Amino acid sequence: ETGKKLYDKLIKSADNLLQQRIPTGPEPYLTKADGATEQEIATDHGPKKNIGYSMGDKSILAATAYLFTGDSKYARYAIDVLLEYATWEYDNTNKAAVSAYAGDDQVFFENIHEMALAYDWCYNEMTPEERKITGDNLHGRFEITRNTHLERIRTSPYDSHHWSYSHCYLIPALALMHDYPGYTEAFTDYLTLYTANSEPMCTEDGGWSK
């Protein structure tokens, strides 16, 4: 009964989601370079950050409903979210871009792992063109993850914050492994570091970075 209730709740949430408009990219964050005060920056960032987070949430909810039901209407919504997100800037030098690593690493990491799952689960529902658009976007974002996050782990192996984002590295690597070169190596490189350093981070007593 509990499982049925959870399933019904999921599908109800997904059906409600289908009635919602997919957000377009928010305006850039205010920064000190704009002459904004700390208070103005804090007030500005909250709503834009929530829009950023919502894209990953929408994609994974719709994709999960598709995974459970096989109903293509859920996959179509998830794919449309991925296509919209592919238009959002992720230039790693732009600290004002909501979906860029430099602009908001939390939004960047959370979305890349949720959207990689949506990409994988809804893959068969996409056209070749849609796979290329959404896959290229995830691939471009992953390269930033690979070049920045992996280096941080190598240089600061005892910083548990870095290890807590393992899923944001490994899931995209698996999702893209058969479409783009170099992902088998990317996956094994990370596991090599993880197995060598995980013990201090998450012992048999557990740890939040596990």
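Taking the radius of gyration and the Kirkwood hydrodynamic radius from Cα positions alone, what is the Rg/Rh ratio for the chain, to two decimal places? Mind dumping the intermediate values first?
Values: Rg = 18.1 Å, Rh = 18.3 Å.
My calculation puts Rg/Rh at 0.99.
So what's the back-of-envelope 222 nm ellipticity for the chain, counting only DSSP H runs of four-plus at -39500 (n - 2.57) apiece and dividing by all residues, rounded to 500?
Values: 8 runs with 140 residues, N = 210.
About -22500 deg cm²/dmol.
For region 47-153, what is the charge dipole size about the Cα centre, in debye to the nearest 20, if Lys and Arg each add +1 at the Cβ and Asp and Glu each add -1 at the Cβ? Intermediate results must be reported in sequence, preceding the final value.
Details: 11 positive and 17 negative charges, 29 e Å.
Value, rounded to 20: 140 debye.
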Item to complete: Note down the relative contact order for the chain as a percent, whole number, built from C-alpha pairs under 8 angstrom at least six residues apart.
Response: 16 percent
Worksheet, complete the sentence: Excluding ligands, DNA and RNA, the carbon-plus-sulfur percentage of the accessible area of the chain with a 1.4 Å probe reads 52 percent
Discussion item. I need the phi-derived Karplus couplings for region 35-43: 6.51 cos²θ - 1.76 cosθ + 1.60, θ = phi - 60°, integer Hz, Gly and Pro marked x.
Written reply: x, 7, 7, 4, 5, 4, 5, 4, 5
Worksheet item: Of 121, 180, 166, whose Cα points farthest to the positive end of the dipole of region 30-187 (charges on the beta-carbon: +1 Lys, Arg; -1 Asp, Glu; origin at the Cα centre)?
Response: 166
Worksheet entry | Sites matching trypsin sites (Lys or Arg not before Pro) across region 1-44 that sit in DSSP coil, with at most 12 neighbouring C-beta atoms within 10 Å | 21
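Heavy-atom accessible area per residue, the chain, 1.4 Å probe: how many Å²? Provide the component values of the computation, followed by the final result.
Values: 10980 Å² over 210 residues.
With the other protein chains kept in place, the chain gives 52 Å² per residue.
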Discussion item. Residue by residue through region 144-158, what is 3J(HN,Hα) from phi via Karplus (6.51 cos²θ - 1.76 cosθ + 1.60, θ = phi - 60°)? Round to whole Hz and write x for glycine and proline.
Written reply: 5, 4, 5, 7, 9, 5, 5, 5, 5, 5, 5, 8, 9, x, 9
Practice prompt. Could you run the Karplus curve 6.51 cos²θ - 1.76 cosθ + 1.60 with θ = phi - 60° over region 106-113 and give me ³J(HN,Hα) per residue in whole Hz, x for Gly and Pro?
Written response: 5, 4, 4, 5, 4, 6, 5, 7
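What range in the chain is the longest one free of chymotrypsin sites (Phe, Trp or Tyr not before Pro) that are in a loop by DSSP and have at most 12 other Cβ atoms within 10 angstrom?
Working: sites that count: 158, 208.
That would be 1-157.
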Fill in: Alpha-carbon radius of gyration plus Dmax, which is the widest Cα pair, for region 122-175 in Å
13.9, 43
Worksheet item: If you keep only loop residues by DSSP, which GluC sites (Glu not before Pro) in region 1-109 have at most 16 other Cβ atoms within 10 Å of their Cβ?
Response: 1, 89
Worksheet item: Nearest 20 debye, what's the magnitude of the dipole of the chain about its Cα centre given +1 on Lys and Arg Cβ and -1 on Asp and Glu Cβ?
Response: 380 debye
Worksheet entry | Unsatisfied cross-links (Cα-Cα over 22 Å) in the set 9/58; 95/132; 32/58 | 95/132; 32/58
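The values are calculated or read from the model by the stated rules, or taken from the named source; none is laboratory data. Source: prediction; values computed, not measured. Neighbour counts run over all protein chains shown; Cβ positions are idealised from the backbone, glycine included. For accessibility, only protein heavy atoms count, side chains too; no ligands or nucleic acids. Shrake-Rupley method; radii C 1.70, N 1.55, O 1.52, S 1.80 Å.
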